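One structure is given below, encoded as structure tokens.
The values are calculated or read from the model by the stated rules, or taken from the named source; none is laboratory data. Note that the structure is a prediction, hence the values are computed from the model and not measured. Cβ sites come from the backbone with ideal geometry, for glycine too, and all protein chains shown count toward neighbours.
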Amino acid sequence: MNILFIHQNFPGQFKFLAPALARQGHRVLAMSLQKTAPTSWKGVEIVRYATSRGSTPNAHPWIGDFETKTIRGEACFRAALQLREEGFSPDVIVAHHGWGESLFLKDVWPRARLGIYCEFFYSAEGSDVGFDPEFPVLDPGDVCRLRLKNLNNLLHFESADAGLSPTHWQASTFPEVFRDRITVVHDGIDTEAVAPNTQAKLGLSSANGKKVELTRATEVITFVNRNLEPYRGYHTMMRALPELLRRRPQARVLIVGGDGVSYGAKAPEGQTWKGVYSAEVRDQISDQGWSRVHFVGHVPYERFVPLLQLSTVHIYLTYPFVLSWSLLEAMSAGCAIVASDTQPVREAIRHDDTGLLIDFFSPSQLVDSVCTLLEDPSTRARFGARAREFACAHYDLQSICLPRQLEWVGSLGVN
């Protein structure tokens with residue numbers, strides 16, 4: 001088959017699936033907005049394209065999102081026309097449609113079968129919007145903005161033949177009119193690469209510049225976000241930090257994440273959420289305590305895996321939203337996990353089995369749960385073992401997820 005992948009930041013969620021299809025002998029192309037993307041990667045031919053204009057200044061805020069998606073959709077459409085002129089005709093198109101790139105591809109190749117990655121459908125109730133009282137919805141018109149933000153999803157329902165979603169809860173956010181076309185299969189975790197390692201070590205620098213080597217004998221608390229922001233519970237984590245450091249005077253706290261914003265509102269002008277909540281608690285923490293807090297920023301994967309392997313207790317918090325790969329990687333590494341009692345976390349963390357679930361908004365519950373595990377090695381070992389067993393049974397890349405993804409693509413190719 002000829003298979004075309006669409007992802008503005010390819011490979012994204014398709015980093016295992018696209019090369020696997022190429023290895024099977026299919027011709028696999030990918031279209032990407034990355035200016036520096038290579039022309040080929042792991043057997044996949046990559047076609048770069050670019051937008052021809054930016055968004056309209058001062059456009060109505062309710063429609064700005066859809067205009068941006070239309071601009072990207074047009075760019076992808078015109079690049080697809082060129083591919084068609086060159087003789088390429090896909091049997092199957094697999095797209096992360098969230099940025100709008102695949103909006104018009106069926107107008108180029110009407111006979112191609114389109115499968116879309118169904119990551120999230122926006123709603124004014126029951127998910128991320130309005131969840132956190134610290135960030136209330138102030139404009140009643142926000143519900144209108146969300147309805148228009150879903151235009152991209154709704155238009156894809158008309159042209160897409162099938163959907164793929166990583167969790168049952170994320171699939172459930174989509175309207176029933178399309179939900180029965182969605183197959184739930186996670187992107188997959190390489191549980192061989194991310195596995196427990198009692199010999200793991202990691203070198204760090206403390207706030208005073210002193211070099212520190214961490215081993216499994218070190219009491220290590222880990223917290224991981226792509227960016228440090230309220231959507232992923234950074235404010236709850238920081239408010240728990242003073243008491244956590246007081247009760248665990250030997251613990252090292254490793255906080256992974258950048259200064260930007262992946263989701264939700266930006267921090268106040270000229271600030272970052274990292275800085276806002278660090279400043280809120282800093283005067284409650286001694287200099288000695290603060291020296292045990294390590295903000296490590298974004299870390300390369302070869303350092304990220306040892307970091308999880310070293311973790312004594314791992315913390316994962318999130319609004320009801322998209323599930324982070326980092327939680328499942330922590331499970332695969334055999335971490336003892338304290339997580340928020342929110343969807344879709346409940347699909348992976350079962351309370352008192354694969355970890356502990358706590359109230360997202362309660363720093364005191366977070367402190368108590370983490371300290372309980374730090375004081376109980378046998379329970380930590382049980383939770384870590386069960387977490388890994390669950391990850392291997394439900395999210396393993398090679399035995400579970402990739403075969404099901406390949407089957408899904410294969411079913412798309414059957415007309």
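For the criterion of being in the same structural domain as P377 (by TED's automatic domain parsing), under 22 Å from Q170 (Cβ atoms) and not in a helix (DSSP H, G or I), F295 fails.
Residue under question is V28, and the condition is that it be outside any loop (DSSP other than H, G, I, E, B) and within 30 Å of S399 (Cα to Cα); does it hold? Before the answer, list the steps.
On the way: outside any loop (DSSP other than H, G, I, E, B): yes; within 30 Å of S399 (Cα to Cα): yes.
In short, yes.
Per-residue answers, yes or no, for (1) among the aliphatic types (A, V, I, L, M); (2) surrounded by 22 or more Cβ atoms within 10 Å (Cβ to Cβ); (3) over 22 Å from L204 (Cβ atoms):
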position: L245; (1), (2), (3): yes, yes, no
position: G257; (1), (2), (3): no, yes, no
position: K266; (1), (2), (3): no, no, yes
position: V305; (1), (2), (3): yes, no, no
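Every test in (1) touching a residue at least 24 places away in the same chain (Cβ under 8 Å); (2) surrounded by fewer than 17 Cβ atoms within 10 Å (Cβ to Cβ); (3) outside any helix (DSSP H, G or I) is passed by V94 save one, and that test is (2). Pairs meeting the criteria (first residue in the stretch 386-415 and within 28 Å of G334 (Cα to Cα), second residue of a type in the set (K, R) and at pLDDT 95 or above, beta carbons under 8 Å, at least 6 apart or on different chains) are F390/R350.
Exactly one residue out of D341, D359, D353 is surrounded by fewer than 23 Cβ atoms within 10 Å (Cβ to Cβ), within 24 Å of G130 (Cβ to Cβ) and touching a helix residue (DSSP H, G or I) at 6+ places or on another chain (Cβ under 7 Å): that is D359. Is at least one residue of the stretch 167-190 more than 24 Å from the chain's Cα centre (by Cα), touching a residue at least 12 places away in the same chain (Cβ under 8 Å) and in a helix (DSSP H, G or I)? Yes, because at least one residue in the stretch 167-190 is more than 24 Å from the chain's Cα centre (by Cα), touching a residue at least 12 places away in the same chain (Cβ under 8 Å) and in a helix (DSSP H, G or I). Here the condition is being surrounded by fewer than 20 Cβ atoms within 10 Å (Cβ to Cβ), modelled with pLDDT under 95 and assigned to a strand (DSSP E or B); of L138, L146, L204, it holds for L204 alone. Looking at the stretch 102-119, can you tell me whether even one residue there is of a type outside the set (K, R), under 18 Å from L17 (Cβ atoms), assigned to a loop (DSSP other than H, G, I, E, B) and touching a Ser or Thr at 6+ places or on another chain (Cβ under 6 Å)? Checked the stretch 102-119: at least one residue is of a type outside the set (K, R), under 18 Å from L17 (Cβ atoms), assigned to a loop (DSSP other than H, G, I, E, B) and touching a Ser or Thr at 6+ places or on another chain (Cβ under 6 Å).
Each row is one residue, and each column tells you yes or no for (1) in contact with a Lys or Arg (Cβ under 8 Å, 6 or more places away or on another chain); (2) modelled with pLDDT of 95 or more; (3) loosely packed, with under 14 Cβ neighbours inside 10 Å; (4) among the small types (G, A, S).
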position: P363; (1), (2), (3), (4): yes, yes, no, no
position: S369; (1), (2), (3), (4): no, yes, no, yes
position: L374; (1), (2), (3), (4): yes, yes, no, no
position: F383; (1), (2), (3), (4): no, yes, no, no
position: A391; (1), (2), (3), (4): no, yes, no, yes
position: Y395; (1), (2), (3), (4): no, yes, no, no
position: S399; (1), (2), (3), (4): no, yes, yes, yes
position: L402; (1), (2), (3), (4): no, yes, no, no
position: W408; (1), (2), (3), (4): no, yes, no, no
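With respect to the conditions (1) closer than 18 Å to M331 by Cβ; (2) part of a helix (DSSP H, G or I); (3) more than 21 Å from the chain's Cα centre (by Cα), T198 falls short on a single one, namely (2). For first residues located in the stretch 213-224 and touching a residue at least 60 places away in the same chain (Cβ under 8 Å), partners that are part of a loop (DSSP other than H, G, I, E, B) and exposed (fewer than 15 other Cβ atoms within 10 Å of the Cβ) and lie 6+ apart or on another chain with Cβ distances below 9 Å form the pairs L214/K201; T215/Q199; T215/K201; R216/T198; R216/Q199; R216/K201; T218/Q250; E219/Q250. Scanning the stretch 53-95 for residues that are within 29 Å of the chain's Cα centre (by Cα) and either at positive phi or among the small types (G, A, S) (or both) returns G54, S55, G64, G73, A75, A79, A80, A95.
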